[in-house]
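K.L.:
Can you keep this structure in mind? I'll have questions shortly.
Nothing in this text is a laboratory measurement; each read-out follows from the coordinates by a stated rule. Everything numeric here is computed off the predicted structure, so don't read it as measured data. In this analysis, Cβ positions are derived from the backbone assuming ideal geometry, glycine residues included, and neighbour counts consider all displayed protein chains.
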Amino acid sequence: MSKCRYCDFNSYAWTGQELDRYVRALLREAELRAEALHPQTVFIGGGTPTFLPADLLAELLVELSRITGFRSTAHEVTIEANPESFDEPRAQAAAQGGVNRVSLGVQSLRPEVLRAYDRVHSGERALEALARARELFTRFSADLIFAFPGQDPASWEADLRAVLASKPGHVSCYELSYEPGTALTRLRNAGRWKAEDSDLCEELYLRTGKILAEHVYERYETSNFARPGERCLHNLAAWRNLHYVGVGAGAASWHGGARRKNIERPEAYQAAVESGIDPVGECERPDANTALFDHLMMGLRLVGEGVSRARVRAATGLDPVDHFANQWQAMREDGWVEWDAHYLRTTARGALLLDSVLTRLLPGEPV
Amino acid sequence: MSRRFPPERIRNFSIIAHIDHGKSTLADRFLEVTGAVDTRKKQDQMLDSMDLERERGITIKAAAVSLTHTIRGEEYLLNLIDTPGHVDFAYEVEKSLQACEGALLLIDAAQGIQAQTVANAMLAMEQDMEVVPVFNKMDLPHARPEEIKDELENTLLLERDSALACSAKTGEGIDGILEAVVDRMPAPEGSPDKPLRALIFDAKYDEYRGIIVYLRMIDGTLKKGDWVHMVGADTDYEAIEIGKFMPKPVPHEELSVGEAGYLISNIKQLEDVRVGDTITIMRGERAAALEGYREAQPMVWCGIYPTNSGDFENLRSALKALKLNDSAIVFDPESSDALGFGFRCGFLGLLHMEIVQERLERESGLDIVQTAPTVPYEVQMNDGSTLVIHSPGELPDPTQWSEIREPIVTVHIIVPTDSIGVIMKLCTDRRGIFLRQEHLSATRVMLTWDMPLSEIIYDFYDKLKSGTKGYGTMNFEEPRFDAANLVKLRILVNSKEADELSVICHNDSCQRRGRAVLQKLQKEIPRHQFQIPLQAAVGGKIVARENIRALSKNVTAKCYGGDITRKRKLLEKQKEGKKRMKSIGNVEVPQKAFLAVLSTDE
């Protein structure tokens, strides 16, 4: 197995023994930081947890439930999976361990695209995995990537329709992004990979929304679509800037007034945990202004919902509309945002330009 | 060490060469052979004192070193006056040469005579100096001394047998050169009994010592503590310290006829010293001024602005500091709608400009924005007066003038015969007028063209190099001003005229030039919320137009989990980038867009 070219996740190559040690460390951290947490949602992700052997996966879920008590409190327990590793034994292990939702990294059905991304699965395997997900889990989602260089809108549309035929309750459609440090970014910077221009990306974005709307999927976040009752509650909470605890190497948490990220390198992470030390890598305590900005940065991604003024006031003591009154006024005139007494949200145009919206809120220039 | 040498035991000489022909290495050898530096302690290329010089392998400022050397049992004082070696600096070469009686014309034995070899040799011969040709790099397997002797005879009318051979790298032939300096170059003339007369051939600012004046004694004696008078500047100073560079400054009690050395006084700024000025005694009989020196004329101008408008005064201080050791820089405050307050700066040439810009950023840590370079133009006004402008924005309304004159230079280009065609076309495309073609040898030819300076300050040299596989060299002489059918190409960004982007160009090429500028701007200016029309106009007539489309999708696709802090930082970074931008009307323009007129992918 190799790392996908677009991926900037914290990822490493492992042997079986190392996996075992890592899972122990992760559980030890959970004991340190998440005992009796009783979460409402659980997300087992950060790449490809399904490359754990089925028995180890089963053990992880049992132990995690024992520590946190999630089986009695969580409404939604999601696992991320790659089509090539989502086989029958693992799927069974996940289902028996309390997982009730699968998010499958399909990315594309086209062999040339998958090859270019260095993905090891094929389109057929992806469709098979979707069928398996449908069989064993009540809820499942498909992740797709668009704006592959040279992608013809019609071929993207065909991919999307083929995936929709498997009837996932939820679809994520991400524009291919060039993250610092990824193979793709290096290829692009070396002139060996030509990124699509933003006009085509916009066309694909809009076309995607239209097709999904025809199939009764609502765009509830920039890149996420759900049929009624199928939103991802776990991610929804993150976009609403609610708290979560993450465990594992490089895992992020937003809890107790602190945003923190664990040590990324598994070796160092494990060494810390095994010595009974909190494996914290980076930690910041956002002040009210930063917290307000985070609320906007995350919340405005929720296209229809927007940011709850009351919730932000309660969390930060600042009203998101009043605090940036001049900026919002200017952006309302540009047709980018709208608000009422309860919510602030982007317009359809503003949703497309969210980075520009947010940049205008940062200090440094007249409105 | 401070023993006295009578004039007949003194030689003042310099090394002149094309760039990279080994001048600094040869100078190092002289220092070693004469024992001026300990071989083990020497840094390579002692004479290039600035980091930047060493990095770029070129000498920016002349330096002078006094060496003592014994020949046939007699000890001589050899003053090596270093000269800079790039195309921009003919003026500085000239200054240094005026302090010498002879010059070593150093020629790479493999590369042969190059454009600057010719130019420098001419300069030296015009001043009636003794020119001794020296072939360097004789250790190279492809050294071809016989052919180069032909070139010497054909181009410079120097006798083939006058040439010496050496390898500065291996040290072979070095003693012979020093002997030739003594035997073939004349001793300085001058009288110890006449009133003090010395030539200022350079001046430097030293952080610890203040202004150091480099001087060459002509007549009389200068003693420590004397009060001296600078004739041209009409100022008086006390000679607080005098001495010679050996190669470190060594204080002396006096300097006399023929010697080269330095003077330190309480001179406040480099501008107070005029290179080429004459020093004489303050009280008593004063000597008359020496002839010959003239002010350097800046031939390339550009606007330099601080990225942060609050740094204007810091920029002024930084420019002043640079001027301390580079009196050729000229600057005056100017302002622009887009760039705020900055300076219009004049440079000897494009390389000089690049060096100054780099030094500004390196030595002062300031972020600067630079506008495209331009040459000066003479504008014949209707009222009979002549206006010299240094930026396109200064050109008055066309109804007020009758003629614009631009600087034209005679360019000597030496190329291999097989690339004549390419270079002929290049020169023709750049509005050149062909003057003549001379064969230096069977494989190399010198082409002489009259070219508008504005056509060669951008990338002509690069084009020459690429068109000749690196073998082409060029040199140009002082410009003259000739009338031409020139127009001001105005650039409008979202209907707002941007004087910072305007350019003076030939009427025939305004459309092509305008299109190139707009296409470059189209690439450099990020999309905005609105569509931005770009136009190039001459007078009221639009000659080219382009559009920058309105912003489309600009939203991060994926954002959850651990991304939050990072994502916030990315946005802050984007914002930082925006803050560095300048505004033309309501359009934000990145700094490098102001160099768009340099675009030549026409």
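K.L.:
If each of B:Lys320 and B:Lys268 carries a label point 7 Å out from its Cα toward its Cβ, how far apart are those two points in nm?
P.N.:
Using points 7 Å along Cα→Cβ, the separation is 0.9 nm.
K.L.:
What average count of beta carbons from other chains do you get within 10 Å of the Cβ of residues in A:250-258? Mind showing how you got there, number by number?
P.N.:
Numbers: counts 2, 2, 7, 2, 4, 0, 0, 0, 0.
The shielding value for this peptide is 2.
K.L.:
Right, next: Mind checking the angle between helix B:312-325 and chain B's longest principal axis? C-alpha axes, 0 to 90 degrees, to the nearest 10.
P.N.:
So the inclination is approximately 20 degrees.
K.L.:
Suppose the chain between B:His142 and B:Asp397 were pulled fully straight at 0.36 nm per residue; how much longer would it get relative to their current alpha carbon spacing? Walk me through the numbers before you get to the answer.
P.N.:
On the way: separation 255, 0.36 × 255 = 91.80 nm, distance 5.89 nm.
Going from the current span to full extension adds 85.9 nm.
K.L.:
Whose amide H sits under 5 Å from the amide H of A:Val77, counting only residues 5 or more places off or on another chain, with H placed in the peptide plane?
P.N.:
HN-HN under 5 Å from A:Val77: A:Val42, A:Asn100, A:Arg101.
K.L.:
Computed FRET efficiency, Cβ-Cβ of A:His215 and A:Ile277, R0 41 Å: what is it to the nearest 0.05?
P.N.:
Calculated value: 0.25.
K.L.:
Right, next: Any idea what Rg and Dmax come out to for region B:397-538 if you just take the C-alpha atoms, in Å?
P.N.:
Here Rg and the maximum Cα pair distance are 18.4, 62 Å.
K.L.:
Pull up the DSSP beta bridges for the protein assembly as shown and report the antiparallel fraction as a percent, rounded to 5. Walk me through the numbers before you get to the answer.
P.N.:
Details: 131 of 170 bridges.
Within the protein assembly as shown, antiparallel bridges account for around 75 percent of the total.
K.L.:
Hey, another quick one. What list of ³J(HN,Hα) couplings, whole Hz, do you get for region B:371-380 from phi and the Karplus terms 6.51, -1.76, 1.60, once you set θ to phi - 60° and write x for glycine and proline?
P.N.:
8, 5, x, 9, 9, x, 10, 9, 10, 7
K.L.:
Treat each spin label as a single point 7 Å out from the Cα along the C-beta direction, and report the A:Glu203 to B:Glu153 distance in nm.
P.N.:
Placing both labels 7 Å along Cα→Cβ, they lie 7.2 nm apart.
K.L.:
Oh, and also: Can you run phi through the Karplus equation (6.51, -1.76, 1.60; θ = phi - 60°) for region B:130-145 and list ³J(HN,Hα) in whole Hz, with x for Gly and Pro?
P.N.:
So the Karplus estimates, Gly and Pro as x, are 7, 9, 10, x, 10, 8, 9, 6, 5, 6, 5, x, 9, 4, 9, x Hz.
K.L.:
May I pose another question? With +1 on the Cβ of every Lys and Arg and -1 on the Cβ of every Asp and Glu, and nothing else charged, how large is the dipole of chain B about its Cα centre, in debye rounded to the nearest 20?
P.N.:
In debye, rounded to 20, chain B gives about 3140.
K.L.:
Over all alpha-carbon pairs in region A:19-232, figure out the percentage whose distance exceeds 22 Å.
P.N.:
Working: 12184 of 22791 pairs.
For region A:19-232, the share of Cα pairs beyond 22 Å comes to 53 percent.
K.L.:
Treat each spin label as a single point 7 Å out from the Cα along the C-beta direction, and report the B:Glu189 to A:Ala165 distance in nm.
P.N.:
10.3 nm
K.L.:
Can you give me the P(r) profile for region A:307-359? Cα pairs, bins 5 angstrom wide beginning at 0, each as a whole percent.
P.N.:
P(r) for region A:307-359, in whole percents per bin: 5, 21, 31, 25, 15, 4.
K.L.:
Which whole-percent values make up P(r) of chain B when all C-alpha to C-alpha distances are grouped in 20 Å steps starting at zero?
P.N.:
Calculated over all Cα pairs of chain B, the distribution is 18, 46, 30, 6, 0 percent.
K.L.:
Using a Förster radius of 45 Å, what is the FRET efficiency between B:Arg545 and A:Asn289 based on their Cβ-Cβ separation? Nearest 0.05, please. Show your work: numbers first, answer last.
P.N.:
Working: r = 44 Å, r/R0 = 0.98.
It comes out at approximately 0.55.
K.L.:
Further question on the same structure: Regarding region A:125-167, what are the three Cα extents along the principal axes, ordered largest first, in Å?
P.N.:
36, 17, 14
K.L.:
Quick check on packing: order B:455-465, B:153-163 by the mean number of other C-beta atoms within 10 Å, highest mean leading. Provide the component values of the computation, followed by the final result.
P.N.:
Numbers: B:455-465: 18.7, B:153-163: 15.2.
Sorting B:455-465, B:153-163 by mean packing, highest first, produces B:455-465, B:153-163.
K.L.:
Grab the Cα-Cα distance for B:Trp227 and B:Tyr461, subtract it from 0.36 nm times how many residues apart they are, and report the gain in nm with one decimal. Mind dumping the intermediate values first?
P.N.:
Working: separation 234, 0.36 × 234 = 84.24 nm, distance 4.75 nm.
Once the chain is fully extended between B:Trp227 and B:Tyr461, it gains 79.5 nm.
K.L.:
Same structure, new question: Return the lysines within reach of B:Lys582: Cα separation strictly under 20 angstrom, same-chain partners fewer than 8 residues apart disregarded; answer none if there are no such residues.
P.N.:
Partners found: B:Lys496, B:Lys520, B:Lys523, B:Lys573, B:Lys592.
K.L.:
Hey, what do the phi angles of region B:216-224 turn into as Karplus ³J(HN,Hα) couplings, whole Hz, using 6.51/-1.76/1.60 and θ = phi - 60°, x for Gly and Pro?
P.N.:
3J(HN,Hα) across region B:216-224, in whole Hz: 10, 6, 9, 10, x, 9, 10, 10, 4.
K.L.:
Oh, and also: Given the peptides A:295-302, A:283-290, B:305-312, arrange them by the average over their residues of other C-beta atoms within 10 Å, most packed first. Walk me through the intermediate numbers first.
P.N.:
Values: A:295-302: 23.6, A:283-290: 13.1, B:305-312: 17.8.
Going from most to least packed, we get A:295-302, B:305-312, A:283-290.
K.L.:
Quick one: which residues, 5+ away or cross-chain, put their amide H under 5 Å from the amide H of B:Leu489? H built at 1.01 Å from N.
P.N.:
The list, which skips near neighbours in sequence, is B:Val503, B:Ile504, B:Cys505.
K.L.:
Hey, another quick one. If you take each beta carbon of peptide A:196-206 and count the beta carbons of other chains within 10 angstrom, what is the mean?
P.N.:
Working: counts 0, 2, 6, 4, 2, 5, 5, 2, 1, 4, 2.
Mean partner shielding for this stretch: 3.
K.L.:
Also: Counting other Cβ atoms within 10 Å of each Cβ, which chymotrypsin sites (Phe, Trp or Tyr not before Pro) in region B:201-307 have at most 12 and sit in a DSSP loop?
P.N.:
On the way: sites: B:Phe201, B:Tyr205, B:Tyr208, B:Tyr214, B:Trp227, B:Tyr237, B:Phe245, B:Tyr262, B:Tyr293, B:Trp301; in loops: B:Tyr208, B:Tyr293.
Passing both the DSSP loop test and the Cβ count: B:Tyr208.
K.L.:
Something else: Only helices at least 18 Å long along their own axis, judged from Cα atoms, and with Kyte-Doolittle mean hydropathy of 0.0 or greater: name those in chain A from DSSP H. Let's see the in-between values first.
P.N.:
Working: long enough: A:16-33 (26 Å, -0.79); A:54-68 (21 Å, 0.99); A:123-136 (20 Å, -0.41); A:198-214 (24 Å, -0.09).
Flagged H segments are A:54-68.
K.L.:
As I understand it, the value is the acute angle between the Cα axis of helix B:563-579 and the longest principal axis of the Cα atoms of chain B; what does it come to in degrees, rounded to 10?
P.N.:
70 degrees
K.L.:
Right, another one. By a straight-distance test (C-alpha under 27 Å), which lysines pair with A:Lys167 as possible cross-link partners, with residues fewer than eight away in the same chain excluded?
P.N.:
Within reach: A:Lys210, B:Lys558.
K.L.:
If amide hydrogens are placed 1.01 Å from N in the peptide plane, which non-local residues have theirs closer than 5 Å to the one on B:Val369?
P.N.:
Under 5 Å from the amide H of B:Val369: B:Tyr305, B:Thr307.
K.L.:
So between A:Ala154 and A:Asn326, what do we pick up on full extension, going 0.36 nm a residue minus the alpha carbon distance? Walk me through the numbers on the way to the answer.
P.N.:
Numbers: separation 172, 0.36 × 172 = 61.92 nm, distance 4.24 nm.
Length difference between fully extended and current span is 57.7 nm.
K.L.:
Charges on Cβ only, +1 for Lys and Arg, -1 for Asp and Glu, centred on the Cα centroid of the protein assembly as shown; of A:Ser141, B:Val409, A:Ala251, which one is farthest towards the dipole's positive end?
P.N.:
A:Ser141
K.L.:
Based on the inverse mean of 1/r over its pairs of different Cα atoms, what is the Kirkwood hydrodynamic radius of chain A, in Å? Provide the component values of the computation, followed by the final result.
P.N.:
On the way: mean 1/r = 0.0457 Å⁻¹.
About 21.9 Å for chain A.
K.L.:
Using the eigenvalues of the Cα gyration tensor, what equivalent ellipsoid semi-axes result for the protein assembly as shown when each is taken as the square root of five times the eigenvalue, whole Å, largest first? Present the calculation step by step, with values, prior to reporting the outcome.
P.N.:
Working: eigenvalues 1001, 219, 164 Å².
Whole-Å semi-axes of the equivalent ellipsoid: 71, 33, 29.
K.L.:
Right, another one. Restricting to DSSP H runs of at least four residues, report the calculated mean residue ellipticity at 222 nm for chain B, -39500 (n - 2.57) per run over all residues, nearest 500 deg cm²/dmol.
P.N.:
On the way: 13 runs with 138 residues, N = 602.
Calculated from helices alone, the mean residue ellipticity at 222 nm is -7000 deg cm²/dmol.
K.L.:
What is the list of residues in region A:289-311 whose amide nitrogen lies under 19 Å from a point 7 angstrom out from the Cα of A:Ala348, following Cα to Cβ?
P.N.:
Under 19 Å, as judged by backbone N against the label point of A:Ala348, lie A:301-306 of region A:289-311.
K.L.:
Going out from 0 in 10 Å bins, what whole percent of all Cα-Cα distances in region B:199-326 drops into each bin?
P.N.:
12, 40, 28, 13, 6, 0
K.L.:
Could you tell me how many degrees, from 0 to 90 and to the nearest 10, lie between the Cα long axis of helix B:510-524 and the main elongation axis, the longest principal axis, of the Cα atoms of chain B?
P.N.:
80 degrees
K.L.:
Let me ask you something else. Can you give the FRET efficiency to the nearest 0.05 for A:Trp339 and B:Asp367, using r as the Cβ-Cβ distance and R₀ = 30 Å?
P.N.:
Numbers: r = 38 Å, r/R0 = 1.27.
Here the calculated transfer efficiency is 0.20.
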